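Each remark here refers to the structure printed beneath this line.
The values are calculated or read from the model by the stated rules, or taken from the named source; none is laboratory data. Owing to the predicted nature of the structure, the values given are computational and were not obtained by experimental measurement. With ideal geometry, Cβ positions are generated from the backbone for all residues, glycine too; neighbour counts draw on all protein chains shown. Note: accessible area is taken over every heavy atom of the protein model, side chains too, but ligands, DNA and RNA are not part of it. Shrake-Rupley method; radii C 1.70, N 1.55, O 1.52, S 1.80 Å.
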Amino acid sequence: MNLPDDNLATAMARYQIELPAGQVALLTQYCELLWDWNTKLNLTRHTDYEKFVARDLVDSLAFAQFLAPNEKVLDVGSGGGVPGVVLAIVRRDLQISLSESVGKKARVLADIVARLGLSTPVLHSRAEAILPQQHFDTLVIRAVARLKKLLEWFKPHWKSFDRLLVLKGPSWVEERGEARHYGLMHELTLRKLVSYPLPGTDSESVLLQICPKT
């Protein structure tokens, strides 16, 4: 739980993360809204500033590092809004949409986005149903499914987006092997963009980029 004298800024300082004051204020408001909704609907296990910064903010900033200015981005299975809502706060240049197939979660996301004053569409739908109607530069994916499943879902839709940015844990090598075994990597190239330790564990997070070989 949060310490009485703790706040988002102090938690960020422990991880040497600096952001403009306006963004810190919006992120603080986002945490408060998310944690309030979390008492009614299970959206996140990261219910204090330390966990939010160490897991959610660090992961979102990893995505942000590899998104070009003004990209059109779809957050697949946004859940509680990570990384999509966080990206919308720290990268106002991006055109971000949130996809969430669970109706209750989509309604919570819409409420949070509205209260934060963000112009971020919340689409109550699976990403695969959105892609035939819209084109995106990048799909961002965190804690949704194994690589095999993701590549099966999106195999018919590569004309609707340019690349996947997928955050994985240390099992990504095993998942890549599984995807190759099922022939899902033949026309794709996978690149490890960055890896960093997962605080409090011996594991690491890995950000992968997947795109067509052509």
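One table, with the values for the structure above:
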read-out: Checklist (1) more than 27 Å from L131 (Cα to Cα); (2) within 15 Å of the chain's Cα centre (by Cα); (3) part of a helix (DSSP H, G or I) applied to H46, failing item; value: (3)
read-out: Candidates G183, G200, G177, filtered to the one that is exposed (fewer than 15 other Cβ atoms within 10 Å of the Cβ), assigned to a loop (DSSP other than H, G, I, E, B) and modelled with pLDDT of 95 or more; value: G183
read-out: Flag for V113 being part of a loop (DSSP other than H, G, I, E, B), surrounded by 15 or more Cβ atoms within 10 Å (Cβ to Cβ) and either touching a residue at least 60 places away in the same chain (Cβ under 8 Å) or hydrophobic (A, V, I, L, M, F, W, C) (or both); value: no
read-out: Residue tally, condition in contact (Cβ under 8 Å) with a residue 24 or more places away in the chain and more than 23 Å from K51 (Cα to Cα), over the range 169-201; value: 11
read-out: Out of L123, L139, L131, L150, sole residue that is of a type in the set (A, V, I, L, M, F, W, C), open to solvent by less than 70 Å² (accessible area, probe 1.4 Å), within 30 Å of L188 (Cα to Cα) and in contact with a His (Cβ under 6 Å, 6 or more places away or on another chain); value: L131
read-out: Members of the range 153-162 that are outside any strand (DSSP E or B), open to solvent by 40 Å² or more (accessible area, probe 1.4 Å) and closer than 16 Å to L74 by Cβ; value: W153, P156, W158, K159
read-out: Leading residue by the ranking (modelled with the lowest pLDDT) among those in the range 23-62 that are polar (S, T, N, Q) and surrounded by 18 or more Cβ atoms within 10 Å (Cβ to Cβ); value: T44
read-out: Candidate set: the range 4-16, residues that are open to solvent by 30 Å² or more (accessible area, probe 1.4 Å) and aliphatic (A, V, I, L, M); chosen: the one farthest from V85 (Cα to Cα); value: A13
read-out: Close pairs (7 angstrom Cβ cut-off, 6 or more residues apart or separate chains): farther than 14 Å from G103 by Cβ in the range 119-136, open to solvent by 30 Å² or more (accessible area, probe 1.4 Å) anywhere; value: E128/W153; E128/H157; I130/L123; L131/H157; F136/K72
read-out: Odd one out for V166 among (1) outside any loop (DSSP other than H, G, I, E, B); (2) open to solvent by 30 Å² or more (accessible area, probe 1.4 Å); (3) aliphatic (A, V, I, L, M); value: (2)
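Each row is one residue, and each column tells you yes or no for (1) within 26 Å of K149 (Cα to Cα); (2) among the basic types (K, R); (3) open to solvent by 10 Å² or more (accessible area, probe 1.4 Å).
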residue	(1), (2), (3)
G77	yes, no, yes
P83	yes, no, no
V86	yes, no, no
I89	no, no, no
R92	no, yes, yes
L98	yes, no, no
S101	yes, no, yes
L109	yes, no, no
G117	no, no, yes
